[in-house]
Amino acid sequence: MITLHVNGQPHDVDASPDTPLLWALRDVLGMTGTKFGCGIAQCGACTVHVDGQAVRSCQLSIGSVGDQAITTIEGIGSSDVGAKVQKAWLDLEVIQCGYCQSGQIMSAAALLAHKPHPTDEDIDAAMAGNICRCGTYVRIREAIKKATAA
Amino acid sequence: MKRFHWGLLALAIVACVVAAWIIYVPGPTAFASGSTVALGDYKGTNPTGVPVSLASGDIVKRGEYLTRAADCEACHTAKGGVPYAGGLAFNLPFGTLYSPNITPDKETGIGNWTDADFINALHKGIAPDGSRFYPAFPYPSYTLLTNDDVLAIKAYLFSLKPVRQETEPNSLAFPFNQRWGMMFWSLFYNSNERYRPNPSQSAEWNRGAYLAEALGHCGECHTPRNLLQAVDNKKKFAGAVTAGWRAYNITQDATSGIGSWDLDTTAKFLAHGHVEGLGTASGPMGEAIDMSLRHMAPEDINALVVYLKSIPAIADTSLPLPKTMLASGFPTNQEIAENARGAMIFAGACAACHGWSGKSPILSYADFVGGRTVNDPTARNVAQAIIWGVTRHTPNGVVTMPGFGKAYSDEEIAAVSNYITARFGAEKSRITAADIKTIGKQASQ
């Protein structure tokens, strides 16, 4: 049994230590807001925070998480930065189909938590690993800037 | 006239001495002080066989350990194929060699081989039909193995399920396709002599030497070869390119070798192929760790460490001292401008797992910081890892980096390789698309 600290709550997970965090979140804990995209950390759909860092949960084993705090799209709204990002996303209607957007929001929130006033280059660097089939990139960048100003 | 003859003779003698010096190769343990004795005359702990904990096991169990120590599987298994059924392609400058099937299948494997056949193969490089093996099969190393150990390996291989799998014929160009030519090569370069312990050295050292030279055949990759393609022990373990990957300098040189690693660190790296802050073994060394070294008993790992620590330092001036400082959280505009294509690919395909600083947010096996690969200004192994991907066994299960060779162009792979060495290494590389094309094909497949 492994205990994961997700969105401030401890959860016991009965799975082997090499289980990817994404599997534990979706299949064991029923938190399906985090999406499965490629499974090889190339698309960003599964992004969550581990101790405030944006990580791809499909490639992170639960055995290596330890006591670190995990934040998912279900819990990001309870932080100031997360709430601002979500509001900007809604105000600008960033989302089209929405599948990648949990990951986009998590990467944006991690960026703003570390760099409250990112340059365009910082945004590119932080967001490049999150791909969007609908091509919402222009609105994503605008929303990040809006969340910065808010 | 007479004087002229003398001059010619002197010149001829000098030429012979030079040629002899080029062709001559000292024995694998000749660097160590003290003289060697035959195994039968050695009074110390027996350096051959298996560790004490396994000594009472049956011959198949002992053979399994020795087969792993000799890492037969790495070469005798095609990528994704059945272990020991052969078929791995070695892409050499003069053609392609395929490793044979060594499962006990009677028609396509070695099921009909007698004990004497197997000993002949490992000690002399001669097949049961009298034909000669190429030294891609490291019989000049295996010749050091005792008969008992050779036969234990055979017993293990014969305990496996026979696999019917024909080996593809080699496609070597003339004159390399003439196997009989290896007769002369063997005369020079196969001692056909069992391991000779050195009583002036410790029991651990002698065990380590047996593991490294007879079984593990480290020098086959890590020691440069001479003009005649023999392992040149004058530059023992100084590093070489093998199968398209750079096998790094593992002498005790502190800058370009592993002289700065203490005993524990060296042991940990040998057992896991990864130490935080020193990078991760990938490519053929990753395979050597996963298939062979990680299965070794701790006392054998320690013996290997004792032996490695005794290797004379040879400096390789092409390798800088690895950079141990983390890179910045995000790249600067200037850095991006220098290699925009590389930065773009790194951001999209690499940063998610490897992180921007060189410290991976996901797992330490994906750390760049301090590793030799990113601190190699040829970027050869960085490029190979990108082209072919990496799969490694960790204590927490298997980790995989996908291969990007089919996803990105040679230009893109060159750009991102150069970006990686510039950002995370001590010296930036200038690998080109043409290099990527060439080295990608050199890897065994």
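Being assigned to a loop (DSSP other than H, G, I, E, B) and open to solvent by less than 20 Å² (accessible area, probe 1.4 Å) is the filter here, so list the residues in region B:77-101 that pass it. Walk me through how you get there before you give the answer.
The initial filter retains those residues of region B:77-101 that are assigned to a loop (DSSP other than H, G, I, E, B), namely B:78-85, B:87-88, B:93-94, B:99-101.
Passing the criteria: B:TYR84, B:ALA85, B:LEU88, B:SER99, B:ASN101.
Please specify each residue of region B:369-396 satisfying the condition of being open to solvent by less than 30 Å² (accessible area, probe 1.4 Å), part of a loop (DSSP other than H, G, I, E, B) and more than 13 Å from chain A (Cβ to nearest Cβ). Before the answer, list the steps.
Initially, region B:369-396 is screened for residues open to solvent by less than 30 Å² (accessible area, probe 1.4 Å), giving B:369-371, B:374-377, B:379, B:381-387, B:389-390, B:392, B:394.
From the residues that got through so far, the ones that are part of a loop (DSSP other than H, G, I, E, B) too are B:369-371, B:376-377, B:379, B:389.
Selection gives B:VAL369, B:GLY370, B:GLY371, B:ASP376, B:PRO377, B:ALA379.
Could you please give the count of residues in region B:397-437 that are hydroxyl-bearing (Ser, Thr, Tyr) and within 14 Å of chain A (Cβ to nearest Cβ)?
Filtering region B:397-437 for residues hydroxyl-bearing (Ser, Thr, Tyr) gives B:400, B:408-409, B:417, B:419, B:421, B:429, B:432.
Pick out the ones that are also within 14 Å of chain A (Cβ to nearest Cβ) and you get B:400, B:408, B:419.
Here the count works out to 3.
From the list B:GLY216, B:GLY208, B:GLY239, B:GLY257, which residue is farther than 23 Å from B:ASP129 by Cα, open to solvent by less than 30 Å² (accessible area, probe 1.4 Å) and touching a strand residue (DSSP E or B) at 6+ places or on another chain (Cβ under 8 Å)?
Details: B:GLY216 fails: touching a strand residue (DSSP E or B) at 6+ places or on another chain (Cβ under 8 Å); B:GLY208 fails: touching a strand residue (DSSP E or B) at 6+ places or on another chain (Cβ under 8 Å); B:GLY257 fails: touching a strand residue (DSSP E or B) at 6+ places or on another chain (Cβ under 8 Å).
Of the residues listed, the single one that is farther than 23 Å from B:ASP129 by Cα, open to solvent by less than 30 Å² (accessible area, probe 1.4 Å) and touching a strand residue (DSSP E or B) at 6+ places or on another chain (Cβ under 8 Å) is B:GLY239.
Here's the yes/no breakdown for (1) out of contact with any helix residue (DSSP H, G or I) (no Cβ under 9 Å at 6 or more places or on another chain); (2) open to solvent by less than 20 Å² (accessible area, probe 1.4 Å):
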position	(1), (2)
B:LEU270	no, no
B:LEU278	no, no
B:ILE289	no, yes
B:LYS309	no, no
B:ILE314	no, no
B:LEU321	no, no
B:MET325	yes, no
B:SER328	no, no
B:ALA340	no, no
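Hey, any hits in region A:93-100 for a residue that's in contact with a helix residue (DSSP H, G or I) (Cβ under 6 Å, 6 or more places away or on another chain), farther than 23 Å from B:PRO395 by Cβ and away from chain B (no Cβ under 13 Å)? Break it down stepwise before answering.
Residues of region A:93-100 in contact with a helix residue (DSSP H, G or I) (Cβ under 6 Å, 6 or more places away or on another chain): A:94-95.
Filter once more, so that each one left must be farther than 23 Å from B:PRO395 by Cβ: A:94-95.
Next cut, away from chain B (no Cβ under 13 Å) only: A:94-95.
Yes, some residue in region A:93-100 is in contact with a helix residue (DSSP H, G or I) (Cβ under 6 Å, 6 or more places away or on another chain), farther than 23 Å from B:PRO395 by Cβ and away from chain B (no Cβ under 13 Å).
Could you list all residues from region B:337-389 that are touching a Lys or Arg at 6+ places or on another chain (Cβ under 8 Å) and farther than 20 Å from B:GLY286 by Cβ?
B:PHE346, B:ALA352, B:PRO377
For residues that are more than 9 Å from every other protein chain (Cβ to nearest Cβ), buried (at least 22 other Cβ atoms within 10 Å of the Cβ) and farther than 16 Å from B:GLU412 by Cα, tally how many sit in region B:342-364.
Count: 2.
From the list A:ILE70, A:ILE131, A:ILE123, A:ILE62, which one is within 14 Å of another protein chain (Cβ to nearest Cβ), over 27 Å from B:SER328 (Cβ atoms) and either surrounded by 16 or more Cβ atoms within 10 Å (Cβ to Cβ) or of a type in the set (Ser, Thr, Tyr) (or both)? Show your work before the answer.
Numbers: A:ILE70 fails: over 27 Å from B:SER328 (Cβ atoms); A:ILE131 fails: over 27 Å from B:SER328 (Cβ atoms); A:ILE123 fails: over 27 Å from B:SER328 (Cβ atoms).
Among A:ILE70, A:ILE131, A:ILE123, A:ILE62, only A:ILE62 is within 14 Å of another protein chain (Cβ to nearest Cβ), over 27 Å from B:SER328 (Cβ atoms) and either surrounded by 16 or more Cβ atoms within 10 Å (Cβ to Cβ) or of a type in the set (Ser, Thr, Tyr) (or both).
Being closer than 18 Å to B:THR146 by Cα and assigned to a loop (DSSP other than H, G, I, E, B) is the filter here; which residues of region B:114-128 pass it?
Let us first name the residues in region B:114-128 that are closer than 18 Å to B:THR146 by Cα, namely B:114-126.
B:THR114, B:GLY125, listed by residue number.
Among the listed residues B:ALA379, B:ALA422, B:ALA407, which satisfies the condition of being modelled with pLDDT under 95 and not assigned by TED's automatic domain parsing to the domain that holds B:PRO93? Steps first, please.
Details: B:ALA379 fails: modelled with pLDDT under 95; B:ALA422 fails: modelled with pLDDT under 95.
Only one candidate passes the filter, namely B:ALA407.
Is it true that some residue in region A:38-55 is at positive phi, in contact with a strand residue (DSSP E or B) (Cβ under 9 Å, 6 or more places away or on another chain), within 12 Å of chain B (Cβ to nearest Cβ) and buried (at least 19 other Cβ atoms within 10 Å of the Cβ)?
Checked against the condition, which is being at positive phi, in contact with a strand residue (DSSP E or B) (Cβ under 9 Å, 6 or more places away or on another chain), within 12 Å of chain B (Cβ to nearest Cβ) and buried (at least 19 other Cβ atoms within 10 Å of the Cβ), region A:38-55 yields at least one hit.
Look through region A:101-120, keep the residues that are aliphatic (A, V, I, L, M) and in contact (Cβ under 8 Å) with a residue 40 or more places away in the chain, and return whichever of them is farthest from the other protein chains (Cβ to nearest Cβ).
Taking region A:101-120 as the starting set, the residues that turn out to be aliphatic (A, V, I, L, M) are A:105-106, A:108-113.
Restricting the remaining residues to those that are in contact (Cβ under 8 Å) with a residue 40 or more places away in the chain gives A:106, A:109-111, A:113.
Values: A:MET106: 12, A:ALA109: 15, A:ALA110: 10, A:LEU111: 9, A:ALA113: 12 Å.
Of everything passing the filter in region A:101-120, A:ALA109 is farthest from the other protein chains (Cβ to nearest Cβ).
If B:GLY440 satisfies every condition in (1) away from chain A (no Cβ under 13 Å); (2) in a loop (DSSP other than H, G, I, E, B) but one, which is the exception?
(2)
How many of the residues making up region A:73-92 are open to solvent by less than 20 Å² (accessible area, probe 1.4 Å) and under 28 Å from B:ALA349 (Cβ atoms)? Working first, answer last.
First pass over region A:73-92, keeping only residues open to solvent by less than 20 Å² (accessible area, probe 1.4 Å): A:75-76, A:82, A:85, A:88-89.
If we keep only those that are under 28 Å from B:ALA349 (Cβ atoms) as well, we get A:76, A:82, A:85, A:88-89.
Of the residues in that region, 5 qualify.
Just for region A:14-37: of the residues that are open to solvent by 50 Å² or more (accessible area, probe 1.4 Å) and within 11 Å of chain B (Cβ to nearest Cβ), which one is nearest to B:GLY389 (Cα to Cα)?
Going through the qualifying residues, I end up with A:ASP18.
The values are calculated or read from the model by the stated rules, or taken from the named source; none is laboratory data. Source: prediction; values computed, not measured. Using ideal geometry, Cβ is built from the backbone for each residue, glycine included, and neighbour counts are taken over all protein chains shown. The protein model used for the area step is the full one, side chains on, heavy atoms only, and it has no ligands, DNA or RNA in it. Shrake-Rupley method; radii C 1.70, N 1.55, O 1.52, S 1.80 Å.
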